[in-house]
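Following: one structure in structure tokens, then a few remarks.
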Amino acid sequence: MQGMTRRERQITDINEITKILDKALIVHLGLVDGDEPYVVPMNYGYEFVDGKLILYLHGARRGRKIDLMIKNPKVFFEMECDLTPFEGEVACKYGLSYSSVMGRGVAEILEDTEEKKHGLSVFMKTQTGKDFTFDDKMVSIVSVIKITASEFTAKHRPMPKM
Ligand SMILES: Cc1cc2nc3c(=O)[nH]c(=O)nc-3n(C[C@H](O)[C@H](O)[C@H](O)COP(=O)(O)OP(=O)(O)OC[C@H]3O[C@@H](n4cnc5c(N)ncnc54)[C@H](O)[C@@H]3O)c2cc1C
């Protein structure tokens, strides 16, 4: 991925990145619709497997995002947390402190019931901090999307020093 312009703001510590993923809870998912972008906000769960970031999403089995993923599974994702606006004496000194993660990957609509159950458990663990189990009927009525990230970066914009 292209290097970050404000490199001093880049976060590489995986523990810090994990904290962002634990807090953000909403992903802005970018999809390709022919020659147009399409961005859809969704909740997510995540896990690291062999050092790779995996996201799980769930939702209805039909709709625009599902149609687009079938045509082109390449996705881009962004999530952020700790948004704190700050003021300044002039307009350009106003700003926002934040932490964020962005990356790209490949989406897969899961068909295997056990894989879907795993994805939903990971999803609920991230969203609620609790362990849930799912029966086959619950799993059959939703789509579960697995995104394997090929690359991602994280960034923190701190509050300005007074
Ligand atoms: C904070 C947040 C969290 C969400 N979490 C989830 C989740 O975990 N799972 C999930 O399935 N959905 C979630 N949603 C809803 C999601 O954003 C979509 O509305 C939904 O998934 C349907 O997407 P679709 O591409 O199938 O759209 P379709 O239902 O096929 O709709 C097509 C058109 O409707 C419009 N549209 C669709 N979604 C939105 C929207 N959110 N806002 C404005 N216009 C819209 C667009 O113009 C789009 O082209 C969440 C929404 C928000 C705001």
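The values are calculated or read from the model by the stated rules, or taken from the named source; none is laboratory data. Note that the structure is predicted; figures quoted are calculated from it, not measured. Positions of Cβ are generated from backbone atoms using ideal geometry, with glycine treated the same way; all protein chains shown enter the neighbour counts.
Scanning region 1-17 for residues that are modelled with pLDDT of 95 or more and crowded, with 16+ Cβ neighbours inside 10 Å yields one hit, Ile17. So which residues in region 66-116 are touching a helix residue (DSSP H, G or I) at 6+ places or on another chain (Cβ under 7 Å), free of Cβ contacts under 8 Å to residues at least 60 places away in the same chain and hydroxyl-bearing (Ser, Thr, Tyr)? The one that is touching a helix residue (DSSP H, G or I) at 6+ places or on another chain (Cβ under 7 Å), free of Cβ contacts under 8 Å to residues at least 60 places away in the same chain and hydroxyl-bearing (Ser, Thr, Tyr): Thr113. For region 134-162, filtering for residues that are farther than 25 Å from Ile20 by Cα, among the basic types (Lys, Arg) and in contact (Cβ under 8 Å) with a residue 60 or more places away in the chain leaves 0. Please find, within region 18-47, the residue that is surrounded by the fewest Cβ atoms within 10 Å (Cβ to Cβ) out of those that are among the aromatic types (Phe, Trp, Tyr) and near the ligand (Cβ under 9 Å from one of its atoms). The qualifying residue surrounded by the fewest Cβ atoms within 10 Å (Cβ to Cβ) is Tyr38.
Scanning region 48-68 for residues that are within 22 Å of Ile17 (Cα to Cα), surrounded by fewer than 16 Cβ atoms within 10 Å (Cβ to Cβ) and hydrophobic (A, V, I, L, M, F, W, C) returns Phe48, Val49.
Looking at region 48-60, which of the residues that are part of a strand (DSSP E or B) and not hydrophobic (A, V, I, L, M, F, W, C) is nearest to the ligand (Cβ to nearest atom)?
Residues of region 48-60 that are part of a strand (DSSP E or B), as a first pass: 48-49, 52-59.
Within this subset, residues satisfying the condition of being not hydrophobic (A, V, I, L, M, F, W, C) are 52, 56, 58-59.
Details: Lys52: 22, Tyr56: 10, His58: 6, Gly59: 2 Å.
Checked region 48-60; the qualifying residue nearest to the ligand (Cβ to nearest atom) is Gly59.
The set of residues in region 20-47 being without any contact (Cβ under 8 Å) to a residue 12 or more places away in the chain and either assigned to a strand (DSSP E or B) or touching a Pro at 6+ places or on another chain (Cβ under 8 Å) (or both) consists of Glu36, Pro37, Val39.
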